[in-house]
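K.L.:
Submitted below is the structure of interest, expressed as structure tokens.
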Amino acid sequence: MAMAAPAMRMASSASFLPRLLPPTVFSTARAQFLVRQLSLPLFPNFNIAIPVGISLGLPSLPEVLEGIWEGILKAVPKKKTSHMKKRHRQMAGKALKDVTALCVCPACGGMKRMHYVCPTCASTHPADIFSLAPTPSTLISSSGSSSLRIHDTTSPTYPLAQTITNAHKLGCHHLATARGPQTGNIFASVGFGGDVKIWRQNPDSKEYELQWDLPTVSDAGKGDVWAIALSADENFLACTTSDGRIHVWDLAAKEKIQTYETGGGRGAAGGGGSFAMAVDLSRDGRLTASGHENGGVYVFNNDAGRMVYSLSGLAKPVRAVAFSPGCKRLAAAGNAGIIALYDMEHGEHVGNLSAPGNRPSWITSLDWNDTGDYLLSGQLDGKVKVWDVARGACVATHSETDSALWCVRWLPPTERALGPGMGKGERFCAAGASRSLSFYREATGI
């Protein structure tokens with residue numbers, strides 16, 4: 001009986017091994033060594049003879065460690081970042097910043113970002129917003145989606161007044177309206193498919209309906225339409241093409257009345273000029289200006305039907321041109337990151353507007369306010385700048401988003417209070433890759 005107890009204990013140790021390790025076949029010598037090591041603390045003078053040729057279902061130690069090595073690595077504690085290091089990163093501007101510009105929507109009572117349309121009250125575009133067109137009472141927006149959306153700017157919450165579905169199948173990249181107190185009856189839109197449409201407001205329903213499609217198919221060999229501009233009396237439409245031409249249409253007669261050539265140049269296609277990326281009509285209807293990919297800026301006299309100025313000053317693509325309300329100045333900007341100002345009486349380059357910095361961002365949009373005192377610019381880095389033209393300085397910079405801005409527009413001035421506790425003042429809107437509309441108002445409005 002004295003020998004029975006050790007044998008039973010040895011048997012229990014041997015039966016424990018298969019449960020501890022998964023079954024596998026390995027050498028007899030290794031099995032004998034492992035069994036001796038396990039039984040040594042229990043039986044110092046006990047030897048077990050394992051016959052040669054018998055395989056035990058025991059794995060090797062490297063195979064055991066290989067299975068648990070990944071778990072051991074995962075269990076290693078990570079280095080904890082100290083509060084001081086977190087604070088240093090926050091002070092350096094590398095930490096996530098809290099969104100503090102929040103307010104309560106006066107319509108639904110929900111929380112929303114300041115200067116943004118409430119997502120509960122107004123639906124925004126599902127794609128990048130490429131163009132804006134203001135009227136005395138509405139703001140029209142277009143994007144990479146097929147719909148055009150019209151917001152009511154007479155209400156403090158800017159509600160969605162109308163949605164024109166399936167306006168352009170491939171999306172819309174340019175809109176144009178006339179600027180004036182009695183305008184807003186007509187607007188034009190250009191789709192990525194090259195289709196140009198004229199929309200007119202129904203006097204009964206106050207909704208916009210399709211009036212006319214410009215016959216651009218016949219001009220397929222002369223370049224696709226890109227930028228557009230509408231005259232102040234809503235009777236004429238100027239269109240630029242990818243080969244540098246500018247067409248002027250009479251909307252009442254529904255016919256093309258003028259075509260301006262810019263000649264051969266870099267990026268010319270089919271014998272035309274450089275890609276015409278921007279166009280504008282003066283409010284008196286006398287001049288037409290175009291900006292091109294090769295940096296050229298051209299001004300045409302509509303009465304004489306010819307080019308009057310070929311302006312220099314920008315060597316990079318021009319993405320925006322805009323006449324001042326009195327037609328005394330022309331502003332042009334683009335990839336150079338500066339705004340060039342030209343005198344329209346003599347066609348001279350009179351100055352530049354630029355912000356300090358080694359790498360200025362592309363300027364994608366320009367717009368003058370109704371008095372001509374301030375110029376609005378939108379940039380690819382998401383910044384909106386308000387320029388005092390008389391002083392030649394930037395008086396305000398807004399950077400609500402890091403996404404690209406494709407369009408900025410002044411809203412027509414209002415004669416009534418903008419909202420509860422708000423006075424009268426000028427407003428503008430910015431839109432782009434953030435897919436939302438950002439409205440700003442004059443902080444010192446009276």
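K.L.:
Among the residues that make up the range 327-338, is at least one of them in contact (Cβ under 8 Å) with a residue 40 or more places away in the chain, in contact with a His (Cβ under 8 Å, 6 or more places away or on another chain) and on the phi < 0 side of the Ramachandran plot?
P.N.:
No.
K.L.:
Any idea which of Thr120, Thr154 is at pLDDT 75 or above, out of contact with any Leu (no Cβ under 6 Å at 6 or more places or on another chain) and surrounded by fewer than 19 Cβ atoms within 10 Å (Cβ to Cβ)?
P.N.:
Details: Thr120 fails: at pLDDT 75 or above.
Being at pLDDT 75 or above, out of contact with any Leu (no Cβ under 6 Å at 6 or more places or on another chain) and surrounded by fewer than 19 Cβ atoms within 10 Å (Cβ to Cβ) holds for just one of Thr120, Thr154, which is Thr154.
K.L.:
Here's a follow-up. Tell me, which residue of the range 180-208 that is buried (at least 19 other Cβ atoms within 10 Å of the Cβ) and among the charged types (D, E, K, R) is farthest from Ser141 (Cα to Cα)?
P.N.:
Asp195
K.L.:
State whether the residues of the range 204-217 include one that is of a type in the set (Ser, Thr, Tyr) and either at pLDDT below 90 or not assigned by TED's automatic domain parsing to the domain that holds His174 (or both).
P.N.:
To start, the set of residues in the range 204-217 that are of a type in the set (Ser, Thr, Tyr) comprises 205, 208, 216.
Retained after the next criterion (residues that are either at pLDDT below 90 or not assigned by TED's automatic domain parsing to the domain that holds His174 (or both)): 205, 216.
Yes, the range 204-217 contains at least one residue that is of a type in the set (Ser, Thr, Tyr) and either at pLDDT below 90 or not assigned by TED's automatic domain parsing to the domain that holds His174 (or both).
K.L.:
Is the range 182-202 home to any residue that is part of a strand (DSSP E or B), touching a helix residue (DSSP H, G or I) at 6+ places or on another chain (Cβ under 7 Å) and not hydrophobic (A, V, I, L, M, F, W, C)?
P.N.:
no
K.L.:
Pick out the one residue from Gly291, Gly305, Gly347, Gly337 that is under 21 Å from Thr262 (Cα atoms) and surrounded by 17 or more Cβ atoms within 10 Å (Cβ to Cβ).
P.N.:
Only one candidate qualifies: Gly291.
K.L.:
In the range 138-151, is there at least one residue being surrounded by 16 or more Cβ atoms within 10 Å (Cβ to Cβ), under 18 Å from the mean Cα position of the chain (by Cα) and without any contact (Cβ under 8 Å) to a residue 24 or more places away in the chain?
P.N.:
yes
The values are calculated or read from the model by the stated rules, or taken from the named source; none is laboratory data. What you see is a predicted model; the values in this text were computed from it and never measured. Neighbour counts are summed over all protein chains in view; Cβ atoms, including those assigned to glycine, are modelled from backbone coordinates with ideal geometry.
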